[in-house]
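Please read the structure below before turning to the comments.
The values are calculated or read from the model by the stated rules, or taken from the named source; none is laboratory data. Worth saying up front: this structure is predicted, and the values here are computed from it rather than measured. Here the Cβ is made from the backbone with ideal geometry for all residues, glycine too, and neighbour counts use every protein chain on show.
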Ligand SMILES: [Zn+2]
């Protein structure tokens, strides 16, 4: 009642003639000053954008449940999906997509797009036991099923950050803030350069790992909220930001598009990522493991591999090329005269361990085992490709008292920090 009376009394104090004049003046000014492109861009960037994340493709045996209230328009009717629906299985059967349990049965035939919309921001859908907030879209087109989570950018980052950088310790905070800005920049770049028409980004290592929002940590949440809307940009807008676990002391520096330079990851005369568990390492490989890795990578017939193993063979490993940073760019493997040249990322797969885990980095040298010719050592540094931000280096800088702006300035000297909403 109080509010209404205030509005009533306020409107009485206006002169109607003055109001009409103001309105006409405003209309005139709007016609005289069309918006420039930059004004439009500013207006568009004020609101936090949504991002469309591909969370599953052609799921064979998926499960889906809801917490809170979701609604979806199917061809025949509008349905409510809430806790009472229970856990449904999602199966692709004979060209149909079936969502069912003992209570419900839905059959989707292509082409069909179904959007499950939350009624409240905290409502969640649970896909394969992972809770997600925001919308779920099922695209069923040309026999292909794609599940897409559409979520506001800041919510998306809560599902990214804990998978991209350690967030367990309070004194990592400035590094986690730097990572939040780098991850937000990457996601914004993806909005401008989406994977395809259906979605902007993958939810795995092809882009940034994203696994719903329930694994977020208090430190990740604070790092995101304290950097709200901030990205790294050049004059064209938010930029793709590369990052990796540990450089081992030497960063790859791209000069233009040419990866020919390097820089030391150094402050106060100390390597920043010295605190990393991957800073220096030694691993050994059995020769036969490498032989099988090589056979997969080069499609070598298994009968050939078995004949080498039965007859006895010699595998000679040699580093044939290094980048100026010191990272290995080519190795040569020679088995009984058969030569295999392996380059760049393939090197890490060919030197994977027995369980298939790829080699930590290309920053290594070989050492043979004089006592045991069946195996050899790989002595190395760092984990990951060495481009962009060294995440353990960022943690090292945070521990030395540097701010997130200092960290970003060291790893992305060509970019500047901008608030886009
Ligand atoms: Zn480093």
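A few points about this structure:
- Qualifying positions in segment 395-408 - out of contact with any helix residue (DSSP H, G or I) (no Cβ under 7 Å at 6 or more places or on another chain) and over 15 Å from residue 268 (Cβ atoms): 405
- Any hit, segment 233-241, residues being surrounded by 23 or more Cβ atoms within 10 Å (Cβ to Cβ) and within 16 Å of the ligand (Cβ to nearest atom): yes
- Check on residue 180, touching a strand residue (DSSP E or B) at 6+ places or on another chain (Cβ under 7 Å), farther than 19 Å from residue 386 by Cβ and away from the ligand (no atom under 16 Å from the Cβ): no
- Residues of segment 242-288 satisfying the condition of being away from the ligand (no atom under 14 Å from the Cβ), closer than 18 Å to residue 415 by Cβ and in contact (Cβ under 8 Å) with a residue 40 or more places away in the chain: 254, 259, 261
- Test for residue 314: is it under 24 Å from residue 347 (Cβ atoms), free of Cβ contacts under 8 Å to residues at least 40 places away in the same chain, more than 16 Å from the ligand (Cβ to nearest atom) and surrounded by fewer than 17 Cβ atoms within 10 Å (Cβ to Cβ): yes
- Screening the candidates 350, 342 for the property of being under 27 Å from the mean Cα position of the chain (by Cα), at pLDDT 95 or above and surrounded by 18 or more Cβ atoms within 10 Å (Cβ to Cβ) yields one hit, 350.
- The condition (being out of contact with any strand residue (DSSP E or B) (no Cβ under 9 Å at 6 or more places or on another chain), in contact (Cβ under 8 Å) with a residue 40 or more places away in the chain and within 12 Å of residue 394 (Cβ to Cβ)) is satisfied by just one residue among 170, 154, 174, 164: 174.
- Filter pass, residue 302 being over 18 Å from residue 376 (Cβ atoms) and either surrounded by 14 or more Cβ atoms within 10 Å (Cβ to Cβ) or in contact (Cβ under 8 Å) with a residue 12 or more places away in the chain (or both): no
- Taken together, the residues in segment 141-157 that are more than 19 Å from residue 209 (Cα to Cα) and modelled with pLDDT of 95 or more amount to 0.
- Condition check for residue 375: under 30 Å from residue 165 (Cβ atoms), in contact with a strand residue (DSSP E or B) (Cβ under 6 Å, 6 or more places away or on another chain), modelled with pLDDT under 95 and not assigned by TED's automatic domain parsing to the domain that holds residue 410: no
- Any pair with Cβ under 6 angstrom, 6 or more apart, that starts in segment 358-382 at a residue that is more than 12 Å from residue 318 (Cα to Cα) and free of Cβ contacts under 8 Å to residues at least 60 places away in the same chain and ends at one that is outside any strand (DSSP E or B) and away from the ligand (no atom under 16 Å from the Cβ): 358/348; 358/349; 358/352; 362/347
- Scan of segment 337-394 for residues that are away from the ligand (no atom under 16 Å from the Cβ), in a strand (DSSP E or B) and within 30 Å of residue 267 (Cα to Cα), ordered by number: 365, 366, 378, 379
- Filter result for residue 198 (at pLDDT 95 or above, more than 16 Å from the ligand (Cβ to nearest atom) and within 30 Å of residue 113 (Cα to Cα)): yes
- For segment 315-336, a residue qualifies if it is over 20 Å from residue 247 (Cβ atoms) and not in a loop (DSSP other than H, G, I, E, B), and the qualifying residues are 315, 316, 317, 318, 320, 330, 331, 332, 333, 334, 335.
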